[in-house]
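Here is the structure we will look at, set down as structure tokens.
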Amino acid sequence: MSARIPRLQPDGSADIDREIREELATHIAMWTEHYVARGLSRDAAERRALARVGELQVTLDTLSASARHREDFMNRREWWAALRADVSFALRQMIRQPAFTLVALLTFALGIGANTAMFSVVRGVLLRPLPYREPERLAAIWPTRAISNAELVYLQHNARSLSDVAAFSPGWGIAMTGAGDPRQLAAARTSTNFFQMLGVQPALGRVFAPTESDPGNWDVAILSHGLWLTQFGGDASVVGRVVDMDGQPTRIVGVMPASFEAIQSGVEAWLPLQIDPKSPFYTGQTAIAVGRLAPRATLASATTELASFVPRMRAAFNYTEDYGRGVTVVGLQENLTGGTRRVLLVLLGAVAALVLIAVANVGNLMLAHTNARHRELAIRRALGASRQQIVRQLLVQSLLIAVIGGLLGVGAGVLGMAALKVMLPATLPMLSTVSLDVGVLTVCAAVTIASGLGFGIGPAALASRVDPDGALRVSAADSGSRASLSMRRAFVVAEVALAVVLVAGAGLMAETLWRLNRLNIGFDPRGALTFRIQPTSGQLTTPQQTARYFDELAHRLSLIPGVVGVGAAQHLPLSGFNWNGSLDIESHPIPTNAAHPSVVWRSVTGDYFGTMRIPLLRGRLFTANDTRDAPAVIIISASMAAHYWPDRNPIGERIRVGNGTNKNWATIIGVVGDVRSAAPDAAGVEEVYRPNAQQNLRFMHFVVRTAGNPMSVVSSVRAVVHSFDPTVPVAEVQSLGDIFATSIGTRRTVAMLLAAFAVLGTLLGAIGIYGVVAYSVGQRTRELGIRTALGAVERHITWMVVRDGLQLSMIGVAIGISGALVAGRALQALVFGVHTTDPIVLSAVATCAMLVAAAASYGPARRAARVDPLAALRGE
Amino acid sequence: MAQELPLLKGTVDMLVLKALSWGPMHGFGISLWLDSQSKGSLGLDDSSMYQVLHRLEERKLVSAEWRTTDNNRRARVYTLTRAGRAQLDAQTDNWLRYSRVVTALMTARSGTA
């Protein structure tokens with residue numbers, strides 16, 4: 001008789017001691033007998049036998065220790081061997097069920113990838129501290145308005161709560177010549193202390209010296225890393241080189257590192273602010289003020305101090321009565337990210353919903369998977385597999401799927417990150433420096449493993465309760481546990497609800513885009529090319545020469561074949577730049593020091609109104625006779641006419657618009673249609689137009705309307721511009737449609753991402769419905785067979801099954817619609833022309849969801865209807 | 001009893017494997033075989049022998065099971081595994097080559113080749 005020695009658990013040391021004692025006792029007894037047989041007395045024999053094993057207690061202890069070491073070692077080896085077996089078994093199972101494996105892996109990859117990418121962006125843009133010295137001490141001063149050089153100098157001298165005050169003036173287009181092709185640079189002007197205040201170092205050369213904002217010293221520039229590489233070939237000797245910027249010989253003093261970005265993204269060169277107290281622009285407000293809080297100062301104390309300066313600055317710089325309204329100091333990061341916070345949080349919420357759907361789907365699949373294997377597990381239990389072995393097997397399977405899915409998710413995250421960088425508006429601060437975040441990845445990996453374990457434990461707990469006898473006696477289809485089915489139904493309801501919320505969000509954004517695209521914005525953005533022209537040549541010395549240059553250029557451009565109209569303005573509507581001026585009306589004098597209303601003013605040339613298709617409502621447009629020497633004329637927008645002359649004809653009235661009329665009274669000669677120049681959804685912007693011949697601005701954005709594709713005339717346009725002066729760059733070439741698209745870019749991005757998430761969520765939800773319905777059909781095969789045998793019509797059975805799927809999704813849709821009503825509030829600021837609780841959109845969403853549910857249930861329903869009654873009743 | 005020989009490291013493992021090559025044995029049988037073959041000249045106490053058995057078992061060179069002897073005693077019986085037999089063959093081969101070389105050197109008569 002023999003028995004396999006059971007492997008002892010680590011806590012079986014008592015058993016080991018007993019075994020050693022027993023083995024040694026046998027050993028001594030056998031030797032004693034051996035010696036007795038050799039003729040020794042029993043006493044002597046026993047003594048010699050004992051002497052062989054040495055000091056008995058020491059030997060016992062020594063052998064116990066060595067036996068324990070053996071057991072530990074063998075247990076560990078067995079554990080690893082079993083794990084290897086489990087893993088290879090799990091892998092074989094995965095390969096044998098490619099559909100299940102594929103869906104589960106894709107679901108994981110999708111959930112983790114989308115989440116990692118989106119959260120990396122949110123973290124990089126919203127949560128990561130700005131990459132400057134002590135970023136939490138940086139403040140945006142009076143962020144709702146721009147400040148003038150005069151105010152900057154005043155604050156630098158007087159503010160005690162700010163150890164440093166700097167200014168940043170964004171959006172300077174600078175023509176650079178003398179380094180490769182003439183090029184229009186996206187530049188910014190900063191106060192000379194800007195870089196030191198942030199605490200950043202240049203990669204090459206130096207930052208600005210304190211005197212470089214003074215007249216005569218300001219022709220210096222710092223290059224961005226990108227410009228240095230593309231235009232100067234990354235040549236380190238670039239520092240000290242002189243290039244022409246807007247016609248001025250300008251010395252390059254430094255190059256910033258590639259990672260540097262501040263306030264405005266995509267800046268190619270930084271130039272000093274030009275601070276000249278004698279200039280009329282000294283008190284003109286053009287720059288964003290930023291500062292560093294002094295030690296012990298707070299945002300509140302800085303705000304208080306700033307407010308106390310207002311009366312003195314108003315008096316010193318002759319500002320109007322309303323100067324100083326809304327004075328405040330806020331954290332720089334909060335100020336920079338405030339506008340994008342909502343968009344990113346909406347997208348993050350959508351991703352979270354998608355991830356929850358994915359997680360519910362994986363849970364659903366795992367449960368279905370375990371149920372399908374119920375009978376197999378029962379057989380293995382009956383054949384002697386312990387409950388622990390089965391649980392471990394199931395856990396290994398779910399973990400394996402989670403880990404592989406997680407790895408795929410990292411890959412998907414990298415791709416998603418790249419896609420997001422392309423899709424999100426480039427103006428998002430710090431977007432270019434965002435990368436896949438290691439912390440985020442770690443969290444996502446942890447979540448994956450946790451969910452893998454979670455969905456392993458649930459089914460495992462159910463499966464380990466399998467009673468081998470019971471499970472084997474009934475048919476496989478009937479053995480699925482009721483608890484598991486209701487859990488799966490709950491998962492499906494949750495999936496449908498979340499998908500409905502996503503689809504509702506996408507629906508609202510789609511409706512918004514549809515409305516924005518159909519909106520009458522006052523001009524026709526289709527079929528026109530735009531570009532910026534800023535002549536810097538020495539030939540155009542007088543303002544009159546520049547104005548004539550633009551007129552002649554417009555004329556010559558209109559002769560290009562395929563061009564049907566040419567006009568220009570200093571900035572085009574929706575380009576993000578509207579110049580405002582304070583309004584005076586001759587017939588309604590405004591008391592001194594009272595607040596002046598503000599209107600947008602545009603200086604136009606060529607056939608601006610005809611090319612933009614802005615209709616003339618009253619009076620006349622500008623003609624060639626409205627020259628510098630002719631009386632000053634002005635055209636106003638319809639809403640301005642309605643506002644100031646509600647029941648009168650404004651033609652012939654005289655107005656004055658800040659520096660838009662050079663302080664001269666101009667006579668209203670016409671009224672044109674309103675243009676939504678600030679944003680497509682901002683109606684009623686009051687605007688005036690002046691002929692550039694009387695305004696003499698030195699740069700223009702041209703609009704060229706074409707019969708065909710606007711981009712097809714680009715090379716002809718360049719040829720015409722260069723025939724005037726080969727050093728003038730044709731910059732910012734884009735279609736007017738692109739400008740419009742950019743103006744609704746954030747909404748379009750949100751709409752596209754939400755639509756993508758909604759499609760994925762719906763797909764996953766459909767898989768969930770399909771899975772559950774198919775499963776319950778399998779369970780009811782016998783019942784369906786009986787029904788068919790009793791004469792149920794195929795159609796009725798199909799409907800019965802589809803109804804099951806519909807009932808399930810109806811609950812999900814109901815929950816989802818209520819969820820959408822709440823979640824819609826987050827979209828409030830993004831939707832346009834549609835309310836977030838719009839019943840038409842929501843009922844369309846509900847109908848869609850029910851249709852998808854019906855489609856997902858239809859496959860299993862057809863199979864149910866074709867059940868062969870005889871086969872079903874025979875059992876398996 | 002002859003004078004005890006100091007044991008070379010690793011040789012006990014080999015000797016125990018050799019003992020088991022005759023067939024499954026309990027600890028007594030192994031020690032008896034070693035004693036009788038060496039005429040008691042090996043300095044191997046029984047405690048060390050059991051430790052060696054534990055180590056061999058850990059390495060899967062021997063397997064063990066409890067059996068009841070003819071005298072109705074429970075004894076742990078050790079059997080050489082397939083891996084154990086391969087190990088024994090390899091070690092025997094090594095030992096014979098090694099000892100032949102060392103013997104030849106130690107009994108050399110001439111200082112030059």
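The values are calculated or read from the model by the stated rules, or taken from the named source; none is laboratory data. Quick caveat, the model's predicted, so the values are computed rather than measured. When we count neighbours, we look across all protein chains shown, and the Cβ atoms used for this are built from the backbone with ideal geometry, even at glycine.
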TODO: Return a yes/no flag: does the range A:541-551 have any residue that is part of a strand (DSSP E or B) and at negative phi.
DONE: no
- [ ] Report the residue count in the range A:674-687 for those that are assigned to a loop (DSSP other than H, G, I, E, B) and either of a type in the set (S, T, N, Q) or closer than 14 Å to A:Arg602 by Cα (or both).
- [x] 7
- [ ] Name, by its number, the condition in (1) free of Cβ contacts under 8 Å to residues at least 24 places away in the same chain; (2) closer than 30 Å to A:Ala315 by Cβ that does not hold for A:Trp142.
- [x] (1)
TODO: Restrict the check to the range A:547-557 and report whether at least one residue is over 44 Å from the mean Cα position of the chain (by Cα), among the basic types (Lys, Arg) and modelled with pLDDT of 85 or more.
DONE: yes
Task: Subset of the range A:617-656 [touching a residue at least 40 places away in the same chain (Cβ under 8 Å) and hydroxyl-bearing (Ser, Thr, Tyr)] - done: A:Thr627, A:Ser637, A:Ser639, A:Tyr644
Open item on the list: Within the range A:313-338, take every residue that is without any contact (Cβ under 8 Å) to a residue 24 or more places away in the chain and loosely packed, with under 13 Cβ neighbours inside 10 Å and give me the one that is farthest from A:Pro597 (Cα to Cα).
Closed with: A:Ala315
- [ ] Go through the residues of the range A:293-315 one by one and say whether even a single one is outside the structural domain of A:Gln828 (by TED's automatic domain parsing), closer than 24 Å to A:Pro170 by Cβ and in a strand (DSSP E or B).
- [x] yes
TODO: Among the numbered conditions (1) crowded, with 17+ Cβ neighbours inside 10 Å; (2) of a type outside the set (Val, Ile, Thr); (3) modelled with pLDDT of 80 or more, tell me where A:Gly111 comes up short.
DONE: (3)
Open item on the list: Six or more apart or on different chains, Cβ atoms under 7 Å: show the pairs whose first residue is in the range A:30-50 and within 19 Å of B:Asp70 (Cβ to Cβ) and whose second is acidic (Asp, Glu) and at pLDDT 90 or above.
Closed with: A:Thr32/A:Glu46
Open item on the list: Among the residues of the range A:25-50, what is the count of those that are within 9 Å of chain B (Cβ to nearest Cβ) and of a type in the set (Gly, Ala, Ser)?
Closed with: 2
TODO: Would you check which residues across the range B:55-66 are surrounded by fewer than 21 Cβ atoms within 10 Å (Cβ to Cβ) and either β-branched (Val, Ile, Thr) or touching a His at 6+ places or on another chain (Cβ under 8 Å) (or both) and list them?
DONE: B:Glu58
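Conditions (1) part of a helix (DSSP H, G or I); (2) closer than 30 Å to A:Arg613 by Cβ; (3) among the small types (Gly, Ala, Ser); (4) free of Cβ contacts under 8 Å to residues at least 24 places away in the same chain, marked per residue:
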| position | (1), (2), (3), (4) |
| --- | --- |
| A:Leu485 | yes, no, no, no |
| A:Arg488 | yes, no, no, no |
| A:Glu495 | yes, no, no, no |
| A:Val503 | yes, no, no, no |
| A:Gly507 | yes, no, yes, no |
| A:Ala510 | yes, yes, yes, no |
- [ ] Search the range B:71-86 for residues being in contact (Cβ under 8 Å) with a residue 40 or more places away in the chain and more than 14 Å from the chain's Cα centre (by Cα), and hand back the single one that is surrounded by the most Cβ atoms within 10 Å (Cβ to Cβ).
- [x] B:Ala75
Task: Those residues of the range A:74-97 which are among the hydrophobic types (A, V, I, L, M, F, W, C) and surrounded by 13 or more Cβ atoms within 10 Å (Cβ to Cβ), in sequence order - done: A:Met74, A:Ala82, A:Val87, A:Phe89, A:Ala90, A:Leu91, A:Met94
Task: Odd one out for B:Asp13 among (1) under 21 Å from A:Leu24 (Cα atoms); (2) out of contact with any strand residue (DSSP E or B) (no Cβ under 7 Å at 6 or more places or on another chain); (3) of a type in the set (D, E, K, R); (4) within 11 Å of chain A (Cβ to nearest Cβ) - done: (4)
- [ ] Answer yes or no: is there a residue in the range A:44-64 that is modelled with pLDDT of 80 or more, among the acidic types (Asp, Glu), within 30 Å of A:Leu348 (Cβ to Cβ) and assigned to a helix (DSSP H, G or I).
- [x] no
- [ ] Spot the failing condition for A:Glu22; the list is (1) closer than 30 Å to B:Gly43 by Cα; (2) in a helix (DSSP H, G or I); (3) more than 11 Å from chain B (Cβ to nearest Cβ), and only one is missed.
- [x] (3)
- [ ] Starting from residues that are aromatic (Phe, Trp, Tyr) and surrounded by 14 or more Cβ atoms within 10 Å (Cβ to Cβ), keep the ones in the range B:20-49 and report whichever is farthest from the other protein chains (Cβ to nearest Cβ).
- [x] B:Trp33
Task: Filter result for the condition that a residue is in contact with a Phe, Trp or Tyr (Cβ under 7 Å, 6 or more places away or on another chain), surrounded by 14 or more Cβ atoms within 10 Å (Cβ to Cβ) and closer than 30 Å to A:Gln196 by Cβ, over A:Ala140, A:Ala146, A:Ala150 - done: A:Ala150
Task: Number of positions in the range A:724-775 that are of a type in the set (Phe, Trp, Tyr), closer than 22 Å to A:Val831 by Cβ and either free of Cβ contacts under 8 Å to residues at least 24 places away in the same chain or in contact with a helix residue (DSSP H, G or I) (Cβ under 8 Å, 6 or more places away or on another chain) (or both) - done: 1
Task: Within the range B:63-81, considering residues that are over 20 Å from A:Val53 (Cβ atoms) and more than 8 Å from every other protein chain (Cβ to nearest Cβ), the one modelled with the lowest pLDDT - done: B:Asp70
